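Report on one structure; see the data block that follows.
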Amino acid sequence: MSPRTGLARVLDDLGTTLIDLVRGDPSRSADIGGVVIHDPDDDQVLPPSALVLGVGVRNPAEILDLLGASGAAALVVRGPVVVTPEIAEAVDRSGVALLGLAPGASWTQLAAMLRSLLAEGEVDPSETLGGVPAGDLFALANAVASLIGAPVTIEDRSSRVLAFSGRQHEADSSRVETILGRQVPARYSQMLEERGVFQQLYRSHEPVYIEELPADGGGWCLPRVAVAVRAGDEFLGSIWAAVRGPLPEDRSQAFSDAAKLVALHMMRQRAGADVERRLRADLVSTAVEGGPGAAEAVRRLGLADQACVVLALAPAHSHGEDPAEHARLLAERQQIADAFAMHLTAVHPRAAAALISDVAYAILPVESEDRALRIATDFRNRIGNQVLVGVGQVADGLTLSRSRAGADLVLRVLRAGRAPCPVARVSDVHSEGLLLELSDLIAERGDTLTGPVARLIAYDRKHSACLVETLSAWLDAFGDVAAASAAVFVHPNTFRYRLRRLAEVGEIDLSDPNARFAAMLQLRLWRPGAAEPAPRTPESTDAPPLTARPGAR
């Protein structure tokens with residue numbers, strides 16, 4: 001991404017309530033280039049001017065190591081932070097600001113808040129609504145707070161905090177708890193529900209005044225004034241102000257007018273997210289398909305000088321596409337694609353992913369197929385046995401179409417159930433991939449099965465015999481009669497008789513290596529139209545199947 005939010009802006013919007021500046025000059029850092037969660041067991045690639053979250057980092061030696069991270073803008077560790085002379089010197093020398101996360105604050109919520117704030121920084125500053133950059137809810141929250149003289153939060157329909165203003169120290173402990181958790185605590189939501197506050201908000205276009213609520217420890221929360229945020233008849237969320245008493249009429253009117261402006265910004269933010277998703281999907285599609293526009297798409301994705309691997313992901317189980325569940329399937333695929341994109345972005349900030357038709361394609365900047373395989377396997381393990389992932393070859397930005405073709409081929413093999421693992425590289429399914437491509441060529445030319453195998457198939461169908469199964473078992477066992485007969489549950493002598501019979505019927509010389517190879521290849525490629533037979537068991541060796549399946553073991 002290309003943010004326009006610097007560290008000073010982050011501290012202004014999130015400071016004191018969530019994070020404090022322990023040491024460093026925030027004005028020295030450029031725009032924040034991304035949020036990275038530190039993992040000591042992973043070889044991470046930091047974007048320029050990254051904001052590094054040092055989860056679990058407490059030891060001064062660990063802090064010193066992270067302060068030396070190349071290109072980082074700031075390091076956040078859990079407060080309180082003890083600044084040793086060595087740490088102070090490292091901060092001053094590196095220019096990496098040291099920040100402390102407030103005790104009790106969640107790392108997950110901090111990461112979500114930071115990414116939300118940085119995403120708002122991507123909005124074109126020349127595009128404004130009411131004098132505020134379009135979609136910048138934090139700037140708008142501060143403007144509303146100044147307008148009515150009280151700290152405010154902007155919340156969605158589920159009482160999740162989207163943005164908040166400064167001056168939160170003027171509020172109470174419940175407001176701090178709300179911001180730290182990025183969600184109104186359940187006990188307060190229940191009290192508001194019991195008082196009918198939400199019903200008033202849904203019905204009214206005017207601000208609603210809420211008397212004090214009981215707080216923990218026997219005290220009372222400050223009163224609140226809330227106003228609904230609507231776009232037409234759609235309820236988008238609400239604005240909440242912590243006040244000392246009812247607002248004067250002029251400020252109440254200003255608060256009501258502000259809700260209309262917040263609605264415009266929320267709609268702009270939602271529309272911008274949809275547009276960005278479609279644009280990214282178009283860039284990913286163009287980049288992996290190749291052609292005249294591929295180079296420009298790769299450049300816009302920031303991957304022109306990167307070695308990359310294309311990944312192809314699809315649901316493990318196909319579903320019926322009847323109209324009743326079509327919408328659900330589309331939503332499910334999009335959710336998996338979004339989760340895949342988030343997982344890869346955490347690994348590398350320039351990874352790009354998008355859902356194209358029913359396959360999620362990702363471009364992952366790595367120099368090793370093995371690393372791409374580990375990352376894809378880790379994602380599948382996290383979400384359960386829901387997906388199959390094909391890993392293409394390593395390619396540069398201008399030859400991603402070759403990597404995409406490899407990933408597509410692997411995914412076809414996985415969907416056909418002809419690979420031992422649900423995540424694989426081209427080298428893992430090389431032979432099965434070749435067979436699929438050969439099958440495509442045969443289908444395109446309209447070739448029909450001929451020769452010994454065709455004669456054996458015709459004989460089996462006419463006489464309800466199992467000569468094809470016998471030949472397949474013998475070839476799979478490399479001519480070992482004992483192993484082959486055990487695989488199809490017949491006596492070795494019976495199996496030898498069938499071998500002699502299939503040689504006569506099929507007119508095949510089993511001592512000829514070329515004849516054996518041709519028969520084995522035809523058996524691998526043949527796909528019978530009839531239903532597959534029931535599995536053979538030792539108790540039913542005298543009852544051959546009605547149709548024999550080539551390659552059965």
Exercise. Which ordering of 340, 517, 164 is given by a fewest-first count of other beta-carbon atoms within 10 Å?
Worked result: 517, 340, 164
Problem set entry | Mean Cα-pair separation over length for the range 128-270, i.e. relative contact order, pairs under 8 Å, 6 or more apart, % | 27 percent
Seminar exercise, completed: Listed with the fewest Cβ neighbours within 10 Å leading, 466, 421, 221 appear as 421, 221, 466
Exercise. Residues with amide H under 5 Å of residue 78's amide H, sequence separation 5 or more or different chain, H placed in the peptide plane at 1.01 Å from N; which?
Worked result: 56, 57, 101
Problem set entry | Sequence-separation-based contact order of the range 302-444, relative, with Cα cut under 8 Å and 6+ spacing, percent | 30 percent
Seminar exercise, completed: Correct semi-axes for the range 157-253, from √(5λ) of the alpha-carbon gyration tensor and rounded to whole Å with the largest first, are 20, 16, 14
For this session: Starting with the fewest neighbours, write out 161, 410, 22 ranked by other beta-carbon atoms found within 10 Å of each beta-carbon.
Result: 22, 161, 410
Problem set entry | nm² value of the averaged projected area, convex hull over the Cα atoms of the range 302-444 | 9.0 nm²
Seminar exercise, completed: Checking the range 205-289 for trypsin sites (Lys or Arg not before Pro) in a loop per DSSP with at most 14 other beta-carbon atoms within 10 Å yields 244
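Bear in mind that the values in this text are calculations on the coordinates, not laboratory data. Predicted model, so just to flag it, every value in this text is computed and none were measured. Neighbour counts run over all protein chains shown; Cβ positions are idealised from the backbone, glycine included.
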